[in-house]
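The values are calculated or read from the model by the stated rules, or taken from the named source; none is laboratory data. Just so it is clear, the structure is predicted and the values come from calculations on it, not from any experiment. Here the Cβ positions follow ideal geometry from the backbone for every residue, glycine too, while neighbour counts run over all protein chains shown. Heavy atoms of the whole protein, side chains included, go into the accessibility calculation; ligands, DNA and RNA do not. Shrake-Rupley method; radii C 1.70, N 1.55, O 1.52, S 1.80 Å.
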Amino acid sequence: MTAVFPLEPSRDQVATLMAAATEFATDFLGSLNDAPPRGGGPAAPAAPPGEHPGDLDRLLRTFGAAAAAATDTAGPRCFAYFPGGGLFSSAVAEMLARTVNRYTGAGSMAAELVALEHSVVRWLCDEFGLPTTASGVLTTGASTGTLSALVAARHELLGERAGTLYVTEHTHHCVAKAARIAGFAADRVRVVPSDSAHRMDVRAAEEMIAEDRAAGRRPFLLVGTAGTTSTGAIDPLPELAAVAAREGLWFHVDAAYGGGFQLTGRGRAKLAGVELADSLTLDTHKSLFQPQTTGVLLVRDPRALRAAHVADADYLQDLHLDESLPNYADLGAELSRDYRGLRLWLPLHLHGVGAFRDALDEKLDLSAVIRRELAEMRGLEICASDLTVHVFRVAGGDAVNRRLLERINESGRVALTSTKVDGRTALRMCVLNHRTHAEHVDEALKLIADSI
Ligand SMILES: *Cc1c(COP(=O)(O)O)cnc(C)c1O
């Protein structure tokens with residue numbers, strides 16, 4: 001007989017729901033190591049909800065089958081895009097945050113909860129060497145964080161006027177998208193040439209800024225990337241910060257992917273200069289193993305972020321009495337918001353920061369192995385390799401490399417993707433999931449060698 005769950009379940013019914021969820025999660029996590037990483041095929045049409053109660057087990061089976069049919073971005077064999085494992089402790093935190101369902105957009109509504117979230121934001125500011133006055137907001141990811149950074153920079157430096165911003169062809173498209181959403185004409189996004197290592201050419205940036213000024217445009221924002229999506233390249237951050245300071249531009253660092261490595265000695269050395277950012281985006285759902293839509297925007301001067309976003313309404317007049325904690329609703333586009341803080345706060349305290357540092361160091365060690373072994377494979381050329389992104393190709397045209405990618409992925413054991421470097425198709429392998437270990441990397445490398 002179908003168990004019925006009313007909108008207000010009893011204690012026993014809560015326990016039954018939780019037990020079913022626990023069993024589901026345990027089975028799912030247990031299957032990850034061997035699950036084929038690539039999903040495929042079109043979706044079957046899903047039924048609309050019925051008037052009467054459904055069966056929990058059947059519903060969970062439907063969900064489980066749908067999840068299994070998707071590309072397995074949570075498993076250890078996924079080297080595609082930026083594999084985001086999703087810490088289970090964050091999923092638990094999420095469930096609990098949803099259960100208490102507090103409003104955390106204003107410090108005065110949930111002071112202690114906001115203080116927990118703020119402690120994580122402030123800890124990240126310290127890790128990145130930002131001043132003690134720096135702050136920020138947890139976001140859905142770098143796209144929304146970048147939009148907020150861009151409008152803060154505009155509010156601070158342009159007011160209502162138009163201005164130009166500076167990226168490279170390797171800058172994530174979320175910057176151009178943010179500019180478009182914010183109302184900038186496409187030609188206001190200026191693409192600075194890159195050097196042979198796919199990093200912004202600093203001299204070229206200076207020249208372009210000078211030309212724009214001479215032509216009566218208003219340069220206001222320079223974007224450096226700490227780990228590009230395509231090749232992992234890190235722009236020359238200290239030099240770009242110096243240009244921005246000299247020219248009076250806002251310096252935004254997109255550390256969406258690379259930022260987590262700041263916890264490691266090697267990463268921190270590579271990201272030197274990040275502490276000079278006026279704003280910084282980090283996708284904790286990439287390099288801090290969080291489930292998707294857990295990102296952070298940090299800003300040197302939170303007043304600039306607030307000035308660009310603050311809005312008020314008569315019915316909110318009771319909210320803004322306590323100024324000692326941030327009103328997150330004033331720092332971004334959201335009024336109602338997720339209590340994302342718990343997703344970071346619980347795992348960081350539960351596992352300890354050292355566990356994250358060790359896992360990231362392991363990814364850097366695995367990357368050193370990948371770099372070494374790829375370099376030794378006959379007929380294979382490494383096009384780019386930094387942090388934990390590796391881009392390589394074999395001799396022949398794009399079609400040859402595309403077929404190589406298909407052969408590797410057809411194994412059903414690993415998933416890689418492709419990108420373009422200097423206009424040519426190349427294979428891309430990224431190791432970032434906390435569940436990916438030496439055995440998975442070894443198998444992937446063997447598959448690559450056997451498929452050439
Ligand atoms: C993933 C990524 C983004 C976009 O982040 P979302 O969280 O998907 O919005 C921006 N910049 C870089 C460098 C990225 O890798």
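Is it true that residue 242 is open to solvent by 50 Å² or more (accessible area, probe 1.4 Å) and modelled with pLDDT of 95 or more? When the stated conditions are applied, residue 242 does not pass them. Evaluated against (1) in contact with a Gly (Cβ under 9 Å, 6 or more places away or on another chain); (2) more than 15 Å from the ligand (Cβ to nearest atom); (3) not β-branched (Val, Ile, Thr), residue 311 falls short on exactly one condition, (1).
The test for being open to solvent by 60 Å² or more (accessible area, probe 1.4 Å), under 23 Å from residue 21 (Cα atoms) and more than 16 Å from the ligand (Cβ to nearest atom) does not hold for residue 76. Flag not set for residue 115, criterion: open to solvent by 50 Å² or more (accessible area, probe 1.4 Å), over 14 Å from residue 297 (Cα atoms) and over 20 Å from the mean Cα position of the chain (by Cα). Just one residue in the set 134, 162, 182 is buried (at least 23 other Cβ atoms within 10 Å of the Cβ) and in contact with a helix residue (DSSP H, G or I) (Cβ under 8 Å, 6 or more places away or on another chain); that residue is 134. Taking residues in region 243-272 that are hydroxyl-bearing (Ser, Thr, Tyr) and part of a loop (DSSP other than H, G, I, E, B), and partners anywhere that are modelled with pLDDT of 95 or more and away from the ligand (no atom under 15 Å from the Cβ), the pairs with Cβ atoms closer than 6 Å and at least 6 places apart or on different chains are 264/357; 264/360; 264/361. Of the set (1) within 16 Å of the ligand (Cβ to nearest atom); (2) farther than 26 Å from residue 233 by Cβ, all apply to residue 199 but (2). Checking the stated criteria, residue 184 turns out not to satisfy the condition of being farther than 19 Å from residue 327 by Cα, under 19 Å from the mean Cα position of the chain (by Cα) and either within 16 Å of the ligand (Cβ to nearest atom) or at pLDDT 95 or above (or both).
Entry remark, region 83-112: residues being farther than 20 Å from residue 351 by Cα and crowded, with 21+ Cβ neighbours inside 10 Å number 5 in total. Return a yes/no flag: does region 274-295 have any residue that is assigned to a strand (DSSP E or B), within 12 Å of the ligand (Cβ to nearest atom) and farther than 26 Å from residue 209 by Cα. Yes - at least one qualifying residue is present in region 274-295. Is it the case that residue 325 is open to solvent by less than 50 Å² (accessible area, probe 1.4 Å), farther than 29 Å from residue 247 by Cα and assigned by TED's automatic domain parsing to the domain that holds residue 240? When the stated conditions are applied, residue 325 passes them.
If the condition is being acidic (Asp, Glu) and either within 28 Å of residue 148 (Cβ to Cβ) or touching a residue at least 60 places away in the same chain (Cβ under 8 Å) (or both), then region 202-226 contributes 206, 212. Within region 354-387, being closer than 19 Å to residue 400 by Cα and outside any helix (DSSP H, G or I) holds for 377, 378, 379, 380, 381, 382, 383, 384.
Residue count for region 336-358 under the criterion of being open to solvent by less than 20 Å² (accessible area, probe 1.4 Å) and among the small types (Gly, Ala, Ser): the result is 1.
Of all residues in region 112-131, exactly one satisfies the criterion of being within 16 Å of the ligand (Cβ to nearest atom) and in contact with a helix residue (DSSP H, G or I) (Cβ under 6 Å, 6 or more places away or on another chain), namely 128. Any residue in region 252-260 that is away from the ligand (no atom under 12 Å from the Cβ) and either of a type outside the set (Phe, Trp, Tyr) or modelled with pLDDT of 95 or more (or both)? Checked against the condition, which is being away from the ligand (no atom under 12 Å from the Cβ) and either of a type outside the set (Phe, Trp, Tyr) or modelled with pLDDT of 95 or more (or both), region 252-260 yields no hits at all. Residue-level check: of (1) touching a His at 6+ places or on another chain (Cβ under 9 Å); (2) of a type outside the set (D, E, K, R); (3) assigned to a loop (DSSP other than H, G, I, E, B); (4) surrounded by 21 or more Cβ atoms within 10 Å (Cβ to Cβ), residue 333 misses just (4).
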